[in-house]
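First comes the structure, then the notes that go with it.
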Amino acid sequence: MSRTVYLNGEYLPEAEAKVSIFDRGFVMGDGVYEVTSVLDGKILEFPGHSARLQRSLNELEMKCPVTMPELLAIHHELVKVNNIDEGLVYLQITRGNPGDRDFAYPDDNVEPTIVLFTQAKPGLAADPKAKKGIKVISIPDLRWHRRDIKTVQLLYPSMAKMAAKKAGVDDAWFVEDGKVTEGSSNNAYIVKNGQIITRELSHDILHGITRASVLKMAAEAQMEVVERAFTIEEAQNADEAFYTSASSFVMPVVEIDGKALKDGKPGPIAARLREIYLEESKKTAV
Ligand code: PMP
């Protein structure tokens, strides 16, 4: 069945939603995005995602074509018309179509392009991978140095996912100056002696919305959180490892670069954090 998508103020069948070849998202990768999860037909973490969207736009001096209440209403309409119970809403805003290709940003009168679409993912919360844990490889972090801005420039993360696929594993963790920055589309953590360790916020990583909530919930559950970078060797010798993202919540990592962590099974802290996160984020879903 054809999806209904949102493009620049209109709800359209997906085949009718068309964007110009001169759109800067297409020719320059000049755009930002957000992905939010839907559980029980409700949007998770909307305040966090909309605040980060606004921040990404501000950093790139890009206008937002809608207000945040309008944006939430668009999410709700798409979830409703596409009958999404569990899944994702993808949102992208680009600097629009200046009518030709030019490196310089266009004048203010060029309107941004805004696109939203849904992806149905039945069974998202009950993902069997969360019970088994996933395997990662490490690869050098060759991305640009403003990873805190959530841009649509996803070529290197795509290359990383392909390297993981070729290696027969699920994902890749990026390493820079000997330390893990983050996963190809998630924030990375280890657990050692009861401490939850994850890299501190900076321009080096995306400020994950799930990360912020999970760290808050961990602290509330009397777990100790330490924000510092760690090495792959440290991760391989940790008691547990996991990652977080809007679409995978909390995901246990059981093998890094071919080395199993402990007994190769998901650890209790990752499992508990996943449980708490799903429970709490459903309570605040809208
Ligand atoms: N880091 C990167 C590079 C990502 O692409 C993502 C997913 N958007 C994350 C971290 C996790 O962020 P969030 O929890 O907001 O999905």
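The values are calculated or read from the model by the stated rules, or taken from the named source; none is laboratory data. What you are looking at is a predicted structure, and each value in this text was computed from that prediction instead of being measured. Note that each Cβ is placed from the backbone with ideal geometry, even for glycine, and that neighbours are counted across all protein chains shown. Just so you know, the surface numbers come from the protein's heavy atoms only, side chains and all, with ligands and any DNA or RNA stripped out. Shrake-Rupley method; radii C 1.70, N 1.55, O 1.52, S 1.80 Å.
Okay, residues lined up against (1) of a type in the set (Val, Ile, Thr); (2) open to solvent by less than 50 Å² (accessible area, probe 1.4 Å); (3) modelled with pLDDT of 95 or more; (4) within 15 Å of residue 25 (Cα to Cα):
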position: 64; (1), (2), (3), (4): no, yes, yes, yes
position: 67; (1), (2), (3), (4): yes, no, yes, no
position: 71; (1), (2), (3), (4): no, yes, yes, no
position: 74; (1), (2), (3), (4): yes, yes, yes, no
position: 81; (1), (2), (3), (4): yes, no, yes, no
position: 87; (1), (2), (3), (4): no, yes, yes, no
position: 102; (1), (2), (3), (4): no, no, yes, yes
position: 106; (1), (2), (3), (4): no, yes, yes, yes
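Is there a residue in the stretch 207-228 that is away from the ligand (no atom under 12 Å from the Cβ), of a type in the set (Lys, Arg) and surrounded by 21 or more Cβ atoms within 10 Å (Cβ to Cβ)?
Applying the first criterion (away from the ligand (no atom under 12 Å from the Cβ)) to the stretch 207-228 yields 216-228.
Still in the running and of a type in the set (Lys, Arg): 216, 228.
Imposing the further condition that a residue be surrounded by 21 or more Cβ atoms within 10 Å (Cβ to Cβ) reduces the set to none.
No, that holds for no residue.
Every residue, every condition in (1) touching a residue at least 40 places away in the same chain (Cβ under 8 Å); (2) open to solvent by less than 30 Å² (accessible area, probe 1.4 Å), yes or no:
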{"site": "250", "(1), (2)": "yes, yes"}
{"site": "262", "(1), (2)": "no, no"}
{"site": "266", "(1), (2)": "yes, no"}
{"site": "272", "(1), (2)": "yes, no"}
{"site": "276", "(1), (2)": "yes, yes"}
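Looking at (1) open to solvent by 70 Å² or more (accessible area, probe 1.4 Å); (2) away from the ligand (no atom under 15 Å from the Cβ); (3) under 30 Å from residue 282 (Cβ atoms), which is the one condition that is false for residue 190?
(1)
Could you please give the count of residues in the stretch 29-48 that are open to solvent by 10 Å² or more (accessible area, probe 1.4 Å) and within 11 Å of the ligand (Cβ to nearest atom)?
Residues flagged as open to solvent by 10 Å² or more (accessible area, probe 1.4 Å) and within 11 Å of the ligand (Cβ to nearest atom) within the stretch 29-48 amount to 4.
Pick from 120, 130, 125: which is more than 16 Å from the ligand (Cβ to nearest atom), among the aliphatic types (A, V, I, L, M) and more than 19 Å from residue 56 (Cα to Cα)?
When all the criteria are applied, what remains is 120.
May I ask you to say which residue of 160, 164 is of a type in the set (A, V, I, L, M, F, W, C), surrounded by 15 or more Cβ atoms within 10 Å (Cβ to Cβ) and away from the ligand (no atom under 11 Å from the Cβ)? Working first, answer last.
Values: 160 fails: away from the ligand (no atom under 11 Å from the Cβ).
Only one candidate qualifies: 164.
Can you pull out the helices (runs of 4 or more DSSP H) entirely within the stretch 1-82 that have at least 3 residues that are without any contact (Cβ under 8 Å) to a residue 60 or more places away in the chain? Steps first, please.
Numbers: elements: 24-28, 46-59, 68-81.
In the stretch 1-82, the matching helices (runs of 4 or more DSSP H) lie at 46-59, 68-81.
Given the criterion closer than 25 Å to residue 10 by Cβ and out of contact with any Pro (no Cβ under 7 Å at 6 or more places or on another chain), identify the matching residue among 124, 116. So that I can check it myself, show each step before the final result.
Working: 124 fails: closer than 25 Å to residue 10 by Cβ.
One residue alone meets the criteria, 116.
Under 6 Å by Cβ, and 6 or more places apart or on different chains, what pairs join a residue from the stretch 145-161 that is assigned by TED's automatic domain parsing to the domain that holds residue 173 and farther than 18 Å from residue 199 by Cα with one that is in a loop (DSSP other than H, G, I, E, B) and not hydrophobic (A, V, I, L, M, F, W, C)?
So the pair list comes out as 152/29; 153/29; 156/143; 157/184; 157/185; 160/184; 161/184.
For residues in the stretch 8-34 being of a type in the set (Gly, Ala, Ser) and within 23 Å of the chain's Cα centre (by Cα), which is nearest to residue 99 (Cα to Cα)? I'd like the intermediate steps shown before the answer.
Residues of the stretch 8-34 of a type in the set (Gly, Ala, Ser): 9, 15, 17, 20, 25, 29, 31.
Remaining after also requiring within 23 Å of the chain's Cα centre (by Cα): 25, 29, 31.
Working: 25: 13, 29: 16, 31: 16 Å.
This residue is 25.
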